[in-house]
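> This is the structure, below, for whatever I ask next.
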Amino acid sequence: MLLLLLLDRNTTKGNLSFRRSFQQLQDRLEPVVVGVIYICGWSAILFVIAIFVFVFKESLPAITGIGTEIAAGEIEVEQLDLVEFTTSPRWIPESSKKPAFGILALIVGTLSVTFFSILLAVPLGLGAAVYVSEFAGNKTREILKILIELLAAIPSVVWGFIGIVIMNPLITNLSGEAVGLNILNAGIVLALMSVPIIVSVSEDALRAVPDSFREAGLAMGANRWEMIYKVLFPAAKNGLLAAVLLGIGRGIGETMAVLMCTGHSVNMPTSLFDPVRTLTATIAAELGEAVRGDLHYHTLFLIGVVLFAFAFIINLTADLVVKGVRDQSNV
Amino acid sequence: MSTSTIAPNPSTSNPEPILQSGDPPSMPETNDKLSIRVRDLNLWYGDFQALKDVNIDIRKGIITGLIGPSGCGKTTLLRCFNRINERYEGVKTTGDIEILDKNIYDSDVTSRQLRRRIGMVFQRPNPLPISIYDNVLFGANLHKTHKQLTRRERNDVVQQALEQVALWDTVKDKLKTRATTLTLEQQQKLCIARLIPLKPDVILMDEPCSALDAEGIEQVEGLIESLRDDYTVVIVTHNMAQARRATDECIFMLMGKIIEHSSTADMFLNPREEQTEMYIQGRYG
Ligand SMILES: Nc1ncnc2c1ncn2[C@@H]1O[C@H](COP(=O)(O)OP(=O)(O)OP(=O)(O)O)[C@@H](O)[C@H]1O
Ligand SMILES: [Mg+2]
């Protein structure tokens, strides 16, 4: 950008020799630049594949079995019971008598926190996006956008802090529960964390709607609210949907804040005030302590694969839904 | 009788049996032939004065053209009539605009009621990104004029509106498709069709043909022609031939002022003002 400006100024001055040598430099550099861009593009794909292969490979022994030599010539094979893994709510990996590796409670924990947070974040995020794009003046808009980006930059451990130090006593005081680290707490914190992404993506979507649509609605006699939900929302629905799905993805992948705010106890929740534990937090908390190579260790990687699957399903539905909406309206 | 609505066009002669809720009985007819009456209108965009002492009387039931070089304020004037200028910040207006004997700046006139009576067609066709069917009924749904109608009757409303703009045969099998998939010409016709269920008194058009090809222009001009008598049409155009063909009266503007207002034939054959003559002969761009 700056270079272009420089170039511009020089051309207007008529500094031809500089311009020519700059042009030559550009020509020579072009293949290099193209090469770098190629590498950037492909490296993204490569990284994803490499990470997936690594996680998958590390999780494989849990399924195929891990052999340990307990006496000369005698090998005991430890293996994960996949039925137990997917359907049991009991997660007691370090029990010396009988460890249990059921992740149902962890899945339910993840989903309940994410679901509750998205319930809060969508109206809040969409409302904020509508305000920023349709109501705020230019100055207010710029300030708000900067603040929202700032909100997105807050490290998740700080959010966890807020959950423990501020939300926790607030919840215990208001509800009378003994402990305030639960679905409610984590859901609210997670909602605040996913609001920035929802706001910025849906604000982009709203502002991409041509002004002529707004004028069409207004000129037919719509007031601002009618114009927003009868004209803008239908016009921007793909982008808005993408915003919501990105918010969900954010919720499912978040680790540190939920580790701190959910109470981190394995539990099938029955109310918002129940503490839970999530898939991500389990990996984060236990991987460091698990004995490298044993069943617990490999099972944690298998949870990683499950998270991968979640992310994949969300992204796929996002694509399909967005595409479906588009196709349907284009028939 | 509701005083808060703009006086309806007493001579609404559309034959369709569509009920308009809250249509008051006809008003005492003072200005029988007048539709829009502008008095001492001035408009500023911030510090820039875009309209200067505009006084005009636009007759009812005819097509009036607004002509003038680029930037002279045609669009600005047109957008005063439905007060859609107000959506820009820093717009200041003084003066009066009476439409069918009601000052549109009166405090009891809401832009909602006003815009129901004054339809607008834009330079670039702007059907909404919803189905063709919903586009036609958008205004009706908004103003709940057809709320009591059955599905069947609503279908009839859509059919009548689309027939009036000669679009019915083309789109009758794809009413549920998105309106933005139509050709520009069809889109512009749809934009006119969606005004019809509301039976506006005035239809404002800002260069409605400038995005269309020759055939589209011919079609839409024919359509505008067919709106005469039932509606008062005010049309901005850059195209002298079109102004000549399609309008009954013309208003020539220059730098925010009205220079001349006369019948189209007079304006093009023996203009009163020298500036008009120069413009018509193509000396202002
Ligand atoms: N929103 C606005 N803010 C500031 N100035 C404006 C705005 N809209 C129009 N103007 C200015 O007001 C003057 C009249 O503009 P207007 O669009 O009414 O002209 P026009 O006759 O319709 O021109 P054209 O034939 O090019 O459409 C122009 O000088 C224009 O630059
Ligand atoms: Mg214009």
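Please treat every number below as a calculation from the coordinates, not as lab data. In this text, all values refer to a predicted model and were calculated from it rather than measured experimentally. Every residue, glycine as well, gets a Cβ built from its backbone with ideal geometry; the counts of neighbours run over all protein chains shown.
> Could you work out which residue, out of A:122, A:165, A:276, moves most in a Gaussian network model of chain A, that is, has the largest mean-square fluctuation with Cα springs under 10 Å?
A:165
> What is the fewest-to-most order of A:317, A:270, B:180 by other Cβ atoms lying within 10 Å of their Cβ?
By the 10 Å Cβ count, ascending: A:270, A:317, B:180.
> Return, for the Cα atoms of region A:194-331, the radius of gyration and Dmax in Å, separated by a comma.
Rg then Dmax for region A:194-331, in Å: 20.9, 69.
> What ³J(HN,Hα) values, in whole Hz, does the Karplus curve 6.51 cos²θ - 1.76 cosθ + 1.60 give for region A:24-36 when θ = phi - 60°, with x put for Gly and Pro?
Couplings: 4, 4, 4, 4, 5, 6, 3, x, 5, 4, 4, x, 4 Hz.
> P(r) for region A:157-200: what percent of alpha-carbon pairs falls in each 5 Å bin, starting at zero?
5, 25, 28, 21, 12, 6, 3, 0
> Please work out the Cα center distance from region B:56-108 to region A:255-305, rounded to the nearest Å.
For region B:56-108 versus region A:255-305, the Cα centre distance is 66 Å.
> In whole angstrom, how long is each semi-axis of the equivalent ellipsoid of the protein assembly as shown, when you take the square root of 5 times every eigenvalue of its Cα gyration tensor and sort them from largest down?
Ellipsoid semi-axes (Å, largest first): 64, 31, 23.
> Who wins for biggest fluctuation among A:92, A:283, A:51 in a Gaussian network model of chain A, springs between alpha carbons below 10 Å?
Residue with maximal mean-square fluctuation among A:92, A:283, A:51: A:51.
> Another one. I'd like to know which of B:232, B:183, B:142 lies farthest towards the positive end of the charge dipole of chain B, counting +1 on Cβ of Lys and Arg and -1 on Cβ of Asp and Glu.
B:142
> Hey, could you grab the Kirkwood Rh for region A:110-173? Inverse mean 1/r over distinct alpha carbon pairs, Å, one decimal.
Result for region A:110-173 stands at 13.9 Å.
> A further question follows. With 10 angstrom as the radius, rank A:262, B:93 by how many other C-beta atoms surround their C-beta, starting from the fewest.
Ascending Cβ contact count within 10 Å gives the list B:93, A:262.
> For chain B, just the Cα atoms, rotate onto the principal axes and tell me the three extents in Å, largest first.
57, 46, 35
> Between residue B:159 and residue B:106, what is the FRET efficiency for a Förster distance of 45 Å, r being their Cβ-Cβ separation, to the nearest 0.05?
0.75
> Using only DSSP helix segments of four residues or longer, with each worth -39500 (n - 2.57), what per-residue ellipticity at 222 nm results for the protein assembly as shown after dividing by its residue count and rounding to 500? Mind showing how you got there, number by number?
Numbers: 24 runs with 319 residues, N = 616.
So the calculated ellipticity at 222 nm is -16500 deg cm²/dmol.
> Let me ask something additional. Ranked highest first by the average count of other Cβ atoms within 10 Å around their residues, in what order do B:232-245, A:246-259, B:103-116 fall?
A:246-259, B:232-245, B:103-116
> Shifting gears a bit: Normalised radius of gyration for region A:57-170, please: alpha carbon Rg relative to 2.2 N^0.38 Å, two decimal places.
Numbers: Rg = 23.8 Å, N = 114, 2.2 N^0.38 = 13.3 Å.
The value comes to 1.79.
> In a Gaussian network model over chain A where Cα atoms closer than 10 Å are linked, find which of A:211, A:319, A:274 has the largest mean-square fluctuation.
Per the Cα network of chain A with a 10 Å cutoff, A:211 tops the list.
> Pairs A:237/B:174; B:74/B:257; A:57/A:98; A:230/B:144; A:323/B:172: which are spaced more than 18 Å apart, C-alpha to C-alpha?
Too far apart for the 18 Å limit: A:237/B:174; A:57/A:98; A:323/B:172.
> Quick one: putting +1 on the C-beta of Lys and Arg, -1 on the C-beta of Asp and Glu, what dipole do you get for chain A around its Cα centre, in Debye to the nearest 20?
The dipole magnitude comes to about 1440 debye.
> Same structure again: If you build the convex hull over the alpha carbons only and average its shadow over all orientations, what do you get for region B:103-187? Give it in nm² to one decimal.
If I average the Cα hull's projected area over directions, I get 6.7 nm².
> On to the next question. Give me the percent relative contact order of chain B, please, defined on Cα pairs under 8 angstrom at least 6 residues apart.
26 percent
> Here is a follow-up. Given N residues in region A:178-221, what is Rg(Cα) / (2.2 N^0.38 Å)?
This ratio for region A:178-221 stands at 1.98.
> First obtain the Kirkwood hydrodynamic radius of region A:100-330 from its Cα pairs, then insert it into the Stokes-Einstein equation at 10 °C and 1.306 mPa s, and state the resulting D in µm² per second as a whole number.
Approximately 83 µm²/s, per Stokes-Einstein.
> At 10 °C and 1.306 mPa s, what whole-number value in µm²/s does Stokes-Einstein give for the translational diffusion of region B:57-132, with Rh from the Kirkwood sum over Cα pairs? Before the final figure, lay out each step's value.
Values: Rh = 14.5 Å.
Rounded to a whole number, D works out at 110 µm²/s.
> So, one more: Provide B:249, B:163 in ascending order of the number of other Cβ atoms located within 10 Å of each residue's Cβ, fewest first.
Sorted ascending by nearby Cβ count, the order is B:163, B:249.
> Which value, in debye to the nearest 20, gives the size of the charge dipole of the protein assembly as shown about its Cα centre, when Lys and Arg are +1 and Asp and Glu are -1 at the Cβ?
540 debye
> Further, regarding this structure: Find the centroid of the Cα atoms in region A:90-139 and in region A:142-165, then give the distance between the two in whole Å.
Region A:90-139 and region A:142-165 have Cα centres spaced 16 Å from each other.
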